[in-house]
Amino acid sequence: MRIAVASGKGGTGKTTVSTGLALSLAGENGTGMRAHSQNRYRLLFIDCDVEAPNAHLFLNPDFQVRIETGPSVPQVDGDACTYCGRCAEVCEFNAIAVVEEQVLTFPHLCHGCGSCTLNCPEGAITEVPRAVGLLEAGPTPYGLYFTRGIMNVGEAMAVPIIRELKKWDIGPGREETQDGAGSTIWENVIIDVPPGTTCPVVEALQGADFALLVAEPTPFGLHDLRLMVEVVSAMNIPAGVVLNRDGTGYEDLERFCEDADLPLMLRIPLDRRIAEGLARREPLTTIYPEYLDRMREMYESMVKMVGRDLR
Ligand code: SF4
Ligand code: SF4
């Protein structure tokens, strides 16, 4: 089961929910206290918030693997090129231009889609890798495996990093396949989605079985939740809402959930003790261990809603 934890804006509590859910499924409260053991190392956490990843602060992974990542960008062979301009015509991102007898490339704009290479009639383009970020992976002390991406300073494109991160076939869940290449099969995957509703969010949500939308009961929170609901609806991903900082007295958000037939999966109160614990890098399940059961129950509801077998 692939569960994406998303929110329309940053600072809503997305990482509080994703890390709490991960620890709950791993049977851990973040202090070494084990509730059960059946999911040890069969749970993968992917931090796709590549511009500001922070789930590691709560899950304490031991990063044992690091690789550079990025799109393949075009390199033009001036001897083979006839300056026909076809590459510039097919590039949707203005990352390549033909000016008289010169082909100019703009690697920072290139998405690595490969259209220019495919459409060059002279075979004058080769693709060369360009690192725009890092992928990191390793076990945590809590019986789950952790991966994340980090975008290099000054880079603008998160999508290629998220795409590579999500298909990174790594970890102790790896099993040999018939062709000997191996494949990593996880029982559960939790994806911490970047904030907002732009391309990186769509890339992180691709393939999710369920989207947990974290929202706070304020007019701004309702505005962002509406946008997020439009995104997951367009992607046909079943969704439910976690109401964070509940207790502000603003009721329009709950009314919206009722009208939109969006199940309210969990409430987390506006509580100073939670804020102080998070500031000390304590996960929600350490601050209030009862969230171990509440998160697990929420997981069971999600499994029922998508019609999967419970693991
Ligand atoms: S499509 Fe190929 S031949 Fe035409 S301008 Fe681009 S690189 Fe040169
Ligand atoms: S790979 Fe795609 S985005 Fe990059 S220059 Fe070629 S067509 Fe444009």
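What follows is calculated from the coordinates using simple rules that are stated; it is not laboratory data. Quick caveat: nothing in here was measured; it's all calculated off a predicted structure. Counting neighbours? That spans all protein chains shown, and the Cβs are built from the backbone with ideal geometry, glycine included.
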Self-check item: Computed magnitude of the charge dipole of the chain (debye, nearest 20; Cβ of K, R +1, Cβ of D, E -1)
Solution: 1040 debye
Exercise. Could you line up 259, 192 from fewest to most neighbouring Cβ atoms inside 10 Å?
Key: 259, 192
Quiz item: If you build a Gaussian network model of the chain, linking Cα atoms that sit under 10 Å apart, which residue out of 145, 291, 250 swings the most?
Solution: 250
Exercise. For residue 113, put the label point 7 Å out on the Cα→Cβ axis and report which residues of the stretch 143-169 keep their amide N under 18 Å from it.
Key: 156-164
Quiz item: Just for the Cα atoms in the chain, what are the lengths along the principal axes, largest first, rounded to whole Å?
Solution: 68, 47, 38
Quiz item: Relative to the longest principal axis of the chain, what angle (0 to 90°, nearest 10) does the C-alpha long axis of helix 14-26 take?
Solution: 70 degrees
Quiz item: Taking +1 at the Cβ of each Lys and Arg and -1 at the Cβ of each Asp and Glu, which of 298, 236, 102 sits farthest along the dipole of the chain towards its positive end, judged by Cα position relative to the Cα centre?
Solution: 298
Practice problem: Mind telling me which of 235, 295, 151 comes out most flexible in a GNM of the chain, alpha-carbon contacts under 10 Å? | Solution: 235
Quiz prompt | Long-range lysine pairs (8 or more apart or interchain), the chain, Cα under 24 Å | solution = 4
Practice problem: Can you run the Rg to Rh ratio on the stretch 110-160? Use alpha carbon positions and the Kirkwood inverse-distance Rh. | Solution: 1.19
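Size of the dipole of the stretch 72-129 about the Cα centre, Lys and Arg at +1 and Asp and Glu at -1 on the beta carbon, nothing else charged, in debye to 20?
160 debye
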Quiz item: log10 I(q)/I(0), Debye, Cα-only the stretch 72-129, no solvent, q = 0.17, 0.18, 0.24, 0.27 Å⁻¹?
Solution: -0.43, -0.48, -0.91, -1.18
Quiz prompt | Any cysteine of the chain lacking a neighbouring Cys Cβ under 4.7 Å - listed by number | solution = 48, 81, 84, 91, 110, 113, 120, 199, 257
Exercise. Would you work out which of 126, 111, 91 lies farthest towards the positive end of the dipole of the stretch 72-129? Charges go on Cβ: Lys and Arg +1, Asp and Glu -1.
Key: 111
Quiz item: On full extension of the chain, what length is gained from residue 226 through residue 80, given 0.36 nm per residue of separation minus the C-alpha to C-alpha distance?
Solution: 47.4 nm
